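These notes are about the structure you will find just below.
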Amino acid sequence: MKWFWYASPETFYPLARRIALACGVAAAALAVAGLYVGLIVAPTDAQQGEVYRIIFIHVPAAWMSMFIYVMMAFWAALGLALNTRLSGMMARALAPTGALFTFIALWTGALWGRPTWGTYWVWDARLTSELILLFLYLGFIALQASIDDRRRSDRAGAVLAIVGVVNIPIIYYSVQWWNTLHQGASVSFTRAPSMAATMFAGMILMALAFWMYSIAVSLVRVRCIIREGG
Amino acid sequence: MNHWYLWGSYGVTFALLFVELALLMKRVRETKT
């Protein structure tokens, strides 16, 4: 793979179209499969009834909100270190989709919290740190938009994105570090999932669908940014 | 009642994703001209 060859916006532009198309098709197929498994195949939860099915969008959206931020900070840091134009463009292209998934995680969490906890919102560590993540995304987007000089706005945005990365482990470990109303992790690398296999399959399919969607949308957006002149 | 929470989640999620796609397609058309 010729990494430095594709670091140029001009050479990356046609490659981005091919990847975006493939990921867009994969996202649609995975979403159909995920919704089928999540809404039809997966059994009703014994305690929560049908409302637990919010998990099939809430958890994947929350994962994407954190993953996209890490990727955005990675590209921003790369741009800061190597001064490559494409890195800043990638960071800018990722931010709106990351903010959207963060909002979706908060919205679906609120609608899940009301019937199960008895409240839409509580200022516990997990919810509050996720809300801070939304503010970080919005701050990044606003900062980029407020500086006309593209090199300077990319550098300023990169500093904010890198500093904000500290919030990601806080979100992830908040349920272990503090007493929270929010439950612990549903899925872990170190132990088997604590849910039925079909529920787990539906969640993974939706996570993959959101992942493919994010790649496709971000690459289409970065092509727009390239056409706009960076 | 619980169905409102369920469909409120799915409905708003997919509506927002479609809005993002629509705005992006608009931007694609504008930058191509």
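General remarks:
- Every test in (1) more than 14 Å from chain B (Cβ to nearest Cβ); (2) more than 24 Å from B:A15 (Cβ to Cβ); (3) at pLDDT 95 or above is passed by A:L138 save one, and that test is (2).
- Hits in region A:113-164 (condition: of a type in the set (A, V, I, L, M, F, W, C), touching a helix residue (DSSP H, G or I) at 6+ places or on another chain (Cβ under 7 Å) and outside any helix (DSSP H, G or I)): A:W121, A:I147
- Flag for A:A209 being closer than 25 Å to A:W112 by Cα, touching a helix residue (DSSP H, G or I) at 6+ places or on another chain (Cβ under 6 Å) and within 12 Å of chain B (Cβ to nearest Cβ): yes
- Test: residue in region A:181-194 that is over 25 Å from B:L16 (Cβ atoms) and within 11 Å of chain B (Cβ to nearest Cβ): no
- Checking each residue in region B:3-33 for being over 16 Å from the mean Cα position of the chain (by Cα), closer than 19 Å to A:G113 by Cβ and either loosely packed, with under 15 Cβ neighbours inside 10 Å or of a type in the set (A, V, I, L, M) (or both) picks out B:H3, B:W4, B:L6.
- Given (1) on the phi > 0 side of the Ramachandran plot; (2) touching a residue at least 12 places away in the same chain (Cβ under 8 Å), number of the condition A:G118 does not satisfy: (2)
- Test: residue in region A:53-69 that is over 20 Å from B:L16 (Cα atoms) and touching a residue at least 24 places away in the same chain (Cβ under 8 Å): no
- Matching residues, region B:1-27, being at pLDDT below 95, out of contact with any helix residue (DSSP H, G or I) (no Cβ under 6 Å at 6 or more places or on another chain) and at the interface with chain A (Cβ under 7 Å from one of its Cβ atoms): B:H3
- Members of region A:47-97 found to be within 13 Å of chain B (Cβ to nearest Cβ) and outside any helix (DSSP H, G or I), listed by number: A:Q47, A:Q48, A:G49
- Qualifying residue in region A:67-78 (condition: under 19 Å from A:G229 (Cα atoms), buried (at least 20 other Cβ atoms within 10 Å of the Cβ) and of a type outside the set (D, E, K, R)): yes
Residue by residue, here is whether (1) within 14 Å of another protein chain (Cβ to nearest Cβ); (2) in contact with a strand residue (DSSP E or B) (Cβ under 9 Å, 6 or more places away or on another chain); (3) buried (at least 19 other Cβ atoms within 10 Å of the Cβ) holds:
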site: A:A99; (1), (2), (3): yes, no, yes
site: A:G118; (1), (2), (3): yes, no, no
site: A:L127; (1), (2), (3): no, no, yes
site: A:A142; (1), (2), (3): no, no, no
site: A:D148; (1), (2), (3): no, no, no
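The values are calculated or read from the model by the stated rules, or taken from the named source; none is laboratory data. Please read all numbers here as calculations on a predicted model, not as lab measurements. Counting neighbours? That spans all protein chains shown, and the Cβs are built from the backbone with ideal geometry, glycine included.
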